[in-house]
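**Q** This is the structure I want to talk about, given as structure tokens.
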Amino acid sequence: MSDSNNLSDHVRKGTTTVGIRCTDGIVLAADKRATLGGRIVADKDVDKVYAISDTMAVTMAGVVSDAQLITKLIKAEIRLKKVRTGKEPGVEETANLLSSIVYQNVRRMSPIMGITGFLLAGADTKGFHLYDIGVDGSLMKRKDYVADGSGFMMAYGVLDTLAKKDMKVAEGIKLAIKAVNAAMQRDAATGEGIDVYTITNQGVKKVFAEKLNTTITA
């Protein structure tokens, strides 16, 4: 067995993230479990949704160390852009920058592959936007909804079945919870709880947070 395989067994990863574009905003949701190679629960209280500005937020899926570093980098780039121009970059500009960072990250030489994907949601003068940044640095704009991470197939089953056209954020929150919950039932790398954020004209806001109580007492 190679050294890279040994290292990969100890990398924290696994998750389910969901993004839903609504008429009055966007909903982002994720579970809270991190695993070692998808087999051992390493952390039961991981934040996988982050506000990167007052009007934009991301979810992360994949190798935790890379995701944390890339999140710090994109936040720094947004601040730098604001200092230089006096205004924050738009969501499309930020999505393109984030995809470029991911592209460069996955192609650098390293014993640990930087397999990390993001969902980026934000609001600007052009409206509400939802982007899917793949682990290969690909960039796709989503008009309705998207799921990512190890439990994405289970989440998509719920989204494809229950999503409606012209949903409001209040409906999107309930749908996002159902989608992540479905993944928690079947995906070993997804669990512990759910965090839900909204991006509206009022900015980024955490609207739901619930942890599962898995302790049994006699």
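The values are calculated or read from the model by the stated rules, or taken from the named source; none is laboratory data. Keep in mind it's a predicted model, so treat the numbers as computed, not measured. Positions of Cβ are generated from backbone atoms using ideal geometry, with glycine treated the same way; all protein chains shown enter the neighbour counts.
**Q** Would you check which residues across the range 21-38 are in a loop (DSSP other than H, G, I, E, B), of a type outside the set (Lys, Arg) and in contact (Cβ under 8 Å) with a residue 60 or more places away in the chain and list them?
**A** THR23, ASP24, GLY38
**Q** Could you check GLY149 against (1) closer than 20 Å to ALA209 by Cα; (2) modelled with pLDDT of 95 or more and say which number it fails?
**A** (2)
**Q** For the range 39-83, which fully contained strands (runs of 3 or more DSSP E) count at least 2 residues that are more than 12 Å from the chain's Cα centre (by Cα) and closer than 15 Å to ILE133 by Cα?
**A** Because the criterion is at least 2 residues that are more than 12 Å from the chain's Cα centre (by Cα) and closer than 15 Å to ILE133 by Cα, no strands (runs of 3 or more DSSP E) in the range 39-83 meet it.
**Q** Name every residue in the range 104-119 that is surrounded by fewer than 16 Cβ atoms within 10 Å (Cβ to Cβ) and either at pLDDT 90 or above or not in a loop (DSSP other than H, G, I, E, B) (or both), in order of residue number.
**A** Matches in the range 104-119: GLN104 only.
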